[in-house]
1. What number comes out for the charge environment of residue 232, summing +1 per Lys or Arg and -1 per Asp or Glu over other residues with Cβ under 9 Å away?
2. How much net charge surrounds residue 155 when only the other residues with a Cβ under 12 Å from the Cβ of residue 155 are counted, with Lys and Arg +1 and Asp and Glu -1?
3. Spelling out what I want: for every residue of the range 77-84, take phi, set θ = phi - 60°, compute 6.51 cos²θ - 1.76 cosθ + 1.60 (Karplus), and round to whole Hz; glycine and proline get x.
4. Using the count of nearby Cβ atoms within 10 Å as a rough guide to exposure, how do 240, 158, 21 rank from fewest to most?
5. Starting from the Kirkwood radius over alpha-carbon pairs of the range 21-117, derive D by Stokes-Einstein at 10 °C in a medium of 1.306 mPa s and give it in µm² s⁻¹.
6. Among 81, 166, 244, determine the one that fluctuates most according to a GNM of the chain built with springs between C-alpha atoms less than 10 Å apart.
7. Net charge near residue 86: determine it from the other residues with C-beta under 13 Å of the C-beta of residue 86, scoring Lys and Arg +1 and Asp and Glu -1.
8. Can you list the HN-Hα couplings for the range 66-76, worked out from phi with the Karplus curve (6.51, -1.76, 1.60; θ = phi - 60°), rounded to whole Hz and with x for Gly and Pro?
Amino acid sequence: MSEAAALLRDRLPWVDGKAPDLFAVLGSGLGFLADALEDAVSIPFAEIPGFPAAAVAGHQGRMVAGLLEGRRVLIQAGRFHVYEGHPMAVVVAPVRIAAELGAPVFLVTNAAGGANPRFGPGTLMCIEDHLNLMGQNPLVGAVVPGEPRFPDLSVAYDAELRKLAHATALELGIRLENGVYAAVSGPSYETPAEVRMIGRLGGDAVGMSTVPEVIVARARGMRVLGISLITNPGAGLSRDLLDHEEVLEAGKAAAPRFERLVRGVVAKLEG
Ligand code: HPA
């Protein structure tokens, strides 16, 4: 086990030899769930071996472990983004740690722009597949022990978990769309021509995260559920210019709905 995974294992509240039931990564403006955990134990990124120093990471990232709906949940609050200049190995390090700890399910959330004109701000989208337009893949280089050289991505987003998410949304009266998430490196937002291109390629949402983590999670055999919050129409699909504040505001506005959906899904996971 890596030094980082051993540190987390030793400081988690469920040290009685059990693995987390779920590993979750929370996107921009969606960090509220980390505060909802019971018996939470929090470890700042800066204390985890191999993670960049806080000054480099530039935000208050932390790993939080605790209980949600009776399930053992490990949450990564804050991400390392490709656009911050982090090597891919750093971007995906938390997923590898969660895999080492034995988490069977990976819930990934993000804020994204809508490439599908039907998906306005506030839309929740269950990710059914992705387009990797980042120009990078986290598995390039030497094969990491426990990961295949050529992992299959035919079913990157677990069909059963997607069904569960839709059933839960229906029960709760929450609208949940299906769509394809296109990942770009950023940090500039797209041009209108790029958003049109992504739409023609089959993308419904565009964002700057998630795909590296999902690729590694699949290489480790974790089952993945991804949910995007559409925070703004993609460039060119509205008259408004894009702005990060708007993304964070939309995250805040959707937080209660997002939390109800995630709680509902987590409650239905096998414990
Ligand atoms: N493009 C890329 N990433 C994003 C967007 C967008 O429009 N909105 C939120 N994250």
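1. Working: positive: none; negative: 240, 243, 246.
Here the charged neighbours net out to -3.
2. Numbers: positive: 162, 218, 223; negative: 128, 129, 152, 158, 160.
Charge balance near residue 155 sits at -2.
3. Residue by residue, the range 77-84 yields 9, x, 10, 9, 9, 4, 5, 7 Hz.
4. On the way: 240 11, 158 18, 21 22.
Ranked by crowding around the Cβ, least crowded first: 240, 158, 21.
5. Working: Rh = 14.0 Å.
The calculation lands on 114 µm²/s.
6. Among 81, 166, 244, the largest mean-square fluctuation in the Gaussian network model of the chain belongs to 244.
7. On the way: positive: 79; negative: 84, 213.
Residues near residue 86 contribute -1 overall.
8. 3J(HN,Hα) across the range 66-76, in whole Hz: x, 10, 9, 6, x, 9, 7, 10, 10, 10, 9.
Read-outs throughout are calculated quantities, based only on the coordinates presented, and are distinct from any laboratory measurement. All figures in this text were calculated on a predicted structure; none of them were measured in a lab. Heads up, the Cβs are rebuilt from the backbone with ideal geometry, glycines too, and the neighbour counts pull from every protein chain shown.
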